[in-house]
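The values are calculated or read from the model by the stated rules, or taken from the named source; none is laboratory data. Just so it is clear, the structure is predicted and the values come from calculations on it, not from any experiment. Cβ coordinates were reconstructed from backbone atoms using ideal geometry, including for glycine residues, and neighbour counts include every protein chain displayed. Ligands, DNA and RNA are stripped out before the accessible areas are found, and what is left, the full protein with its side chains, is counted by its heavy atoms. Shrake-Rupley method; radii C 1.70, N 1.55, O 1.52, S 1.80 Å.
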Amino acid sequence: MTDHELQELLGRLTIEEKVGQLVQCNASQFIRNNLEMTGPDGELLPAEELCRVMGSLLTFEDARQARELQDMHLAADPNKIPLLLMLDVIHGLRTTYPIPLAMGCTFDDELLAECADMARKESSACGVHVTFNPMVDTARDARWGRILETNSEEPLINSRMGAALVRVTQGQDLSRKENVACCVKHYAAYGAGEAGRDYNTVELSERTLRETYFPAYKACVDAGVRLVMPSFNSLNGIPSVANKWLMNQVLREEWGFDGVVISDYNAVGELVSHGVASDLRDAVRMSMEAGCDIDMVRNAYYLHLADLVREGTVPEEALNEAVLRVLNLKNELGLFENPYHGADEEAEKQLYLCREHREIARRAAEESAVLLKNEGILPFSRDVKRIALIGPFAEEKRLNGFWSRPGAEQYTVTIPEGIRALLPEVRLDIERGCGACFEDTDRSRIDAAVEAARKADAVILAVGEPENYSGEGRSRAELSLPGPQMELARRVIAANPHTAVVLFNGRPLVLTELSDIAPALLEMWYPGTEGGNALARLLWGEANPCGKLSAGLPRSVGQYPMPYNRTNTGRPKPPPDSRSVPFTSCYLDMPNLPLYSFGYGLSYTDFIYESLTMDQKSMNRDGEIRVTVTLRNAGQRAGKEAVQLYLQDPVASVVRPVQQLIDYRKVALKPGERAEVEFVITEKQLRLVNAECREVSEPGEFRISAGYADHLILTQSFELKE
Ligand code: NOJ
């Protein structure tokens, strides 16, 4: 349709019909079936009426249902405006790849893009028009169960991976049926909820917002993302969906976003619970004033918007603008010509879990695993013939994590399946030992597990957090291994020192004691469909671990918040960090630093960082400096290394981070091979947000280092000239 035709269409709609374009229902609001709910249940509404008016639908099952729903709607809608079908495809549709936090550990934007591309193919075949992805909420507190949905505690990784996902998923031309529109979320700073509790209040200075929290959303807007979802939380006193500064000023005016804003699930209605709207009607007015176009699920717009427009409280002009943005999106997706977009049952059969997709998912699972500790245990030698596979995750199928599609576990490769596929001759003695839930207190099977450990050549101890302990609404105050798992670990490791502990969890856990006693520790996160295959290959050295932590692991929950890029204080604690130093910024009862810092991760080979050189020692604002990091694989195995570049700004007008990641690149090296990894530094990377909240660079000395957080090496300095 041309712009003129869209305007004409808009002109033909009644107020109610316009409002309908801004209403999003969950199909379960008018048909009770086993559709997934992604928020609190809504009332059952008159099916025919809803089906006629609604402009978009959240959550459906497959291509067949996508077509049916579209047909149902088009048959009832006198204006024949196709529905937008939206779904949360976060880390794969049917072929599930690792959770986003794990993907961050790959430090590999290209691998992320490959995964996103496979999700795009499966999603478009399923009939998805819009995916609620990427989630780029920078999160620094693992009590928050949604930390798993973000790539990292580091805004640079979130920005780069978020933008890569948007570019791949949306493609060049959304009207092509294989492309899917993206919705970036949750704008803004949803990850900074007080005390790590989901939906909780956020208080942050504008300077911190602009420096740390905004960049990743902005990167996605710059990459052309078509939708933005405001967050549930209040930000400095105002819930995001009603936050005019956030939405109208920053998002639309400053960043030039011209796409659709869609509320989160019932977030409009929740303005009443926040206590900023007197009733639902007031909530609708406030959300419209803040430029929220679509009301997700709980019918606030459906019930009140038409009246508000008729009485003049909400100008019809504002309604028209919102509707036009929605119609534009439908038009960009080519829905007026082809309302089914990519929905295709044949393509679903060919693509879902196909060999090629499984291969990508397996590689991603291997490259996102982080080897935290290894005292010569791993990789297992081929002589290891008898393995005790112990722990609540020994045969677990739910290794996919939050936002995997319902039923995803039936396709998951378990650990025994992965081991048997790789090494059919290995004898596996499987003992669960105990459960992994809070309420699991039964210790009666630990003895049998210890017995199996004693008889084995080596032990794989699979522990972690049940899949439903992280994700939306799943905050925890303690981050220990739930149930009797630590007791199991103590006894099994004592019985057989040849134990490799593997972890399945959706957030950084407190592993202080476990890491003390475990001879080897491999963090698998939720690896997805190919988890068992990836793990077997990692354990026996067919794959070499190369993941680096995308968020630090604390020694204790009491250390939160503990961003790796903390700023200095007036009384920094001098090294070593092992004991407290009076009257410095430290704890009496533990070190300041995390147990494992951001960017840390071991390999089966040894990478030696030989040098860091610069082609110049000073630059002007329009100049650049080439930094070359030389590293060598000094070990016996091929491996990959994520080379990380950190910045320090020793003196500035505002306090600066003690270390700031400014670039990264993953390289593959054969044994003995050397690589010169080149980075280009420009003025943009040296900027800070000053006391007036303006992004500026300040002349003076800067330092550049390689290494990982809290372990900077090969530091060199240069000067930015006036
Ligand atoms: C609520 C979640 O906060 C959001 O991330 C998700 O996209 C919507 N529900 C839709 O399921």
query: Within the range 55-71, how many residues are open to solvent by 20 Å² or more (accessible area, probe 1.4 Å) and within 16 Å of the ligand (Cβ to nearest atom)?
result: 1
- prompt: Quick check: anything in the range 516-523 closer than 23 Å to Arg474 by Cβ, part of a loop (DSSP other than H, G, I, E, B) and touching a residue at least 60 places away in the same chain (Cβ under 8 Å)?
  reply: no
- prompt: When only residues in the range 134-168 that are open to solvent by 10 Å² or more (accessible area, probe 1.4 Å) and within 16 Å of the ligand (Cβ to nearest atom) count, which is nearest to Phe107 (Cα to Cα)?
  reply: Asn151
query: Quick one: how many residues across the range 537-562 are open to solvent by 10 Å² or more (accessible area, probe 1.4 Å), closer than 16 Å to Pro527 by Cα and within 19 Å of the chain's Cα centre (by Cα)?
result: 1
task: May I ask you to verify whether Ala290 is open to solvent by less than 10 Å² (accessible area, probe 1.4 Å) and either aliphatic (A, V, I, L, M) or at pLDDT below 95 (or both)?
output: yes
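Quick grid of which residues meet (1) open to solvent by 50 Å² or more (accessible area, probe 1.4 Å); (2) more than 16 Å from the ligand (Cβ to nearest atom):
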| site | (1), (2) |
| --- | --- |
| Val180 | no, no |
| Ser205 | yes, yes |
| Tyr213 | no, yes |
| Asn233 | no, no |
- request: Identify all residues within the range 260-286 that are touching a Lys or Arg at 6+ places or on another chain (Cβ under 6 Å) and either away from the ligand (no atom under 16 Å from the Cβ) or within 24 Å of Glu194 (Cβ to Cβ) (or both); write none if there are none.
  value: Asn266, Gly269
- prompt: Do you know which residues across the range 665-697 are in contact with a Ser or Thr (Cβ under 6 Å, 6 or more places away or on another chain) and surrounded by fewer than 18 Cβ atoms within 10 Å (Cβ to Cβ)?
  reply: Glu676, Glu678, Glu683, Arg687, Asn690
query: Cβ-Cβ below 6 Å, separation at least six or inter-chain, first residue in the range 688-714 and in the same structural domain as Pro650 (by TED's automatic domain parsing), second of a type in the set (Asp, Glu) and open to solvent by 60 Å² or more (accessible area, probe 1.4 Å): which pairs?
result: Val689/Glu695; Cys693/Glu206; Pro699/Glu722; Glu701/Glu719
message: Given the condition at pLDDT 95 or above, open to solvent by 30 Å² or more (accessible area, probe 1.4 Å) and under 27 Å from Gly635 (Cα atoms), answer yes or no: does some residue in the range 405-422 qualify?
response: yes
query: Of the residues that sit in the range 612-660 and are open to solvent by 40 Å² or more (accessible area, probe 1.4 Å) and of a type in the set (Ser, Thr, Tyr), which one is farthest from Glu673 (Cα to Cα)?
result: Ser653
- request: Just give me the residues in the range 438-466 being open to solvent by less than 40 Å² (accessible area, probe 1.4 Å) and under 22 Å from Glu523 (Cα atoms), in sequence order.
  value: Ala449, Ala453, Ala458, Val459, Ile460, Leu461, Ala462, Val463, Gly464, Glu465, Pro466
- prompt: Give me the pairs: first residue in the range 258-282 and touching a residue at least 12 places away in the same chain (Cβ under 8 Å), second residue within 16 Å of the ligand (Cβ to nearest atom) and among the basic types (Lys, Arg), beta-carbon distance under 7 Å, and six or more apart or on different chains, which are they?
  reply: Gly259/Arg226; Val260/Arg226; Asn266/Arg298; Gly269/Arg298
statement: By my count, strands (runs of 3 or more DSSP E) wholly in the range 367-470 with at least 2 residues that are not hydrophobic (A, V, I, L, M, F, W, C) are 370-374, 427-431
- request: Return the residue satisfying two criteria in turn: it lies in the range 308-358 and is part of a helix (DSSP H, G or I), without any contact (Cβ under 8 Å) to a residue 40 or more places away in the chain and within 30 Å of Asp282 (Cβ to Cβ), and of such residues it is least open to solvent (accessible area, probe 1.4 Å).
  value: Leu308
- prompt: Is it true that some residue in the range 530-539 is more than 22 Å from Asp457 (Cβ to Cβ) and of a type in the set (S, T, N, Q)?
  reply: no
- prompt: Give me the pairs: first residue in the range 378-391 and at pLDDT below 95, second residue among the hydrophobic types (A, V, I, L, M, F, W, C), beta-carbon distance under 6 Å, and six or more apart or on different chains, which are they?
  reply: Val384/Ala458
query: Taking Ala489, is it open to solvent by 50 Å² or more (accessible area, probe 1.4 Å), part of a helix (DSSP H, G or I) and at negative phi?
result: no
task: Answer with yes or no whether Met229 is in a strand (DSSP E or B), surrounded by 23 or more Cβ atoms within 10 Å (Cβ to Cβ) and either modelled with pLDDT of 95 or more or within 15 Å of the ligand (Cβ to nearest atom) (or both).
output: yes
- prompt: Limited to the range 406-422, what total is found for residues that are over 15 Å from Val502 (Cβ atoms) and in contact with a strand residue (DSSP E or B) (Cβ under 9 Å, 6 or more places away or on another chain)?
  reply: 1
message: Can you tell me how many residues within the range 573-608 are in contact (Cβ under 8 Å) with a residue 40 or more places away in the chain, touching a strand residue (DSSP E or B) at 6+ places or on another chain (Cβ under 6 Å) and farther than 16 Å from Asp710 by Cα?
response: 3
- request: Please find, among Val629, Val654, Val667, the residue that is of a type in the set (Val, Ile, Thr) and either without any contact (Cβ under 8 Å) to a residue 60 or more places away in the chain or in contact with a Lys or Arg (Cβ under 6 Å, 6 or more places away or on another chain) (or both).
  value: Val667
message: Among (1) more than 15 Å from the ligand (Cβ to nearest atom); (2) surrounded by 23 or more Cβ atoms within 10 Å (Cβ to Cβ), there is one condition Trp255 misses while meeting the rest; what is its number?
response: (2)
